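One structure coming up, written as structure tokens, with questions to follow.
The values are calculated or read from the model by the stated rules, or taken from the named source; none is laboratory data. All of these numbers come straight from a predicted model, not from anything done at the bench. Because the Cβ atoms are built from the backbone with ideal geometry, glycine has one as well, and the counts that use them run over all protein chains shown. Protein only, heavy atoms only, side chains kept; ligands, DNA and RNA dropped before computing areas. Shrake-Rupley method; radii C 1.70, N 1.55, O 1.52, S 1.80 Å.
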Amino acid sequence: MDDHAEYVRAEWRKFHEENAPLAALASRIVPAARRVLDVGCGAGQELLPYLGATAVGVDLRRSGLVAGRALFREIGARVPSLLVGAAEALPFASAAFDVVICRLALPYADVRRALGEMARVLRPGGALVLQIHHLRYYLLRAWRARDPRELVHALRVIASGAAFELTGWQPGEAFLLLRSLARRLASAGVEVVEIDERDRPAPLVLGRRMVKGHS
Ligand SMILES: C[S@@+](CC[C@H](N)C(=O)[O-])C[C@H]1O[C@@H](n2cnc3c(N)ncnc32)[C@H](O)[C@@H]1O
């Protein structure tokens with residue numbers, strides 16, 4: 001098993017210790033979702049609360065999806081559609097989903113294009129739930145780095161995130177700040193409805209796809 005497959009299996013286990021916080025947030029806006037997409041889904045555990053619906057996950061890396069299919073089978077659950085795909089070019093029609101989830105995948109993507117795509121595939125009034133890596137996450141990683149490689153990685157992301165914040169140019173993996181994320185979401189047509197900062201390095205953001213002509 002490669003490192004990524006191991007990582008997604010660990011996140012799958014973690015999901016079972018938490019109380020599906022992303023699905024809980026989404027249900028404030030869409031109590032009974034029929035079509036749900038998880039972007040950068042890893043093993044796809046965020047789709048577990050939605051197995052009665054049309055549940056789809058996309059991720060760039062096949063190894064996580066393969067691990068995910070095995071994990072759904074292991075617990076005797078229906079396996080959702082887990083597809084290889086990029087957040088920046090989602091292979092779905094506009095307004096195809098009631099709920100779009102993206103847990104800890106945004107910092108690795110082209111944030112502006114990925115947000116545009118998530119907004120496009122979300123129906124008006126639909127819910128977008130993001131869990132992001134805030135600047136605090138990378139500061140903590142730099143502080144706690146156990147070797148020079150980890151430190152350099154954290155510092156590089158901090159530099160890349162700073163460039164993104166200041167110029168709009170994103171050289172690579174980048175931290176996000178809540179205020180500018182809200183601005184970027186608004187220009188993609190999504191209003192921020194709620195922010196859950198209990199996990200301060202990795203807050204949750206709930207957004208609603210605006211209906212054209214209304215806010
Ligand atoms: C930190 S993992 C989170 C995985 C999963 N959401 C979870 O919570 O367990 C980030 C995931 O995003 C995926 N990813 C990174 N960039 C992506 C992109 N541009 N489009 C789609 N998936 C991407 C990675 O392959 C990886 O599986």
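When ligands, DNA and RNA are left out and all protein chains stay put, how many square angstrom of accessible area per residue does the range 134-211 have with a 1.4 Å probe?
So the range 134-211 comes to 59 Å² accessible per residue, rounded to a whole number.
Now for a separate question. Using amide H atoms built 1.01 Å from N in the peptide plane, name the residues 5+ places from Leu128, or on other chains, whose amide H lies under 5 Å from its own.
Here the answer is Val100, Gly207, Arg208, Arg209, since their amide H atoms fall under 5 Å of that of Leu128.
Over the Cα atoms of the range 37-77, what is the Rg over Rh ratio if Rh follows Kirkwood?
Ratio of gyration radius to Kirkwood radius: 0.94.
From the backbone phi of the range 59-65, what are the Karplus-calculated ³J(HN,Hα) couplings (6.51 cos²θ - 1.76 cosθ + 1.60, θ = phi - 60°) in whole Hz, Gly and Pro given as x?
8, 5, 9, 5, 4, x, 5
Picking from Arg28, Arg103, Arg73, which is most flexible by a Gaussian network model of the chain using Cα springs under 10 Å?
So, out of Arg28, Arg103, Arg73, the one fluctuating most is Arg73.
Report, to the nearest whole %, how much of the accessible area of the chain belongs to carbon and sulfur atoms, 1.4 Å probe, protein only.
It is 54 percent, rounded to a whole number.
Which translational diffusion coefficient, to the nearest whole µm²/s, is obtained for the range 15-137 from the Stokes-Einstein equation, given a Kirkwood hydrodynamic radius over C-alpha pairs, 25 °C and 0.890 mPa s?
Roughly 171 µm²/s, to the nearest whole number.
Using +1 at the C-beta of Lys and Arg and -1 at the C-beta of Asp and Glu, which of His153, Ser187, Ala163 has the Cα lying farthest in the positive direction of the dipole of the range 125-192?
His153
Moving on. How do Tyr7, Tyr138 rank by accessible surface area computed with a 1.4 Å probe, from largest to smallest?
Result, largest first: Tyr7, Tyr138.
Report the dimensions of the chain along its three principal axes from the alpha-carbon atoms, largest first, rounded to Å.
48, 45, 30
With every protein chain left in place, what is the accessible area of Ser27 in Å² (1.4 Å probe, nearest 10)?
50 Å²
Suppose we take every Cα in the range 94-192 and form the convex hull; what volume per residue is that in Å³?
87 Å³
What residue among Arg34, Arg136, Arg149 has the largest mean-square fluctuation in a Gaussian network model of the chain, using Cα springs under 10 Å?
Residue with maximal mean-square fluctuation among Arg34, Arg136, Arg149: Arg149.
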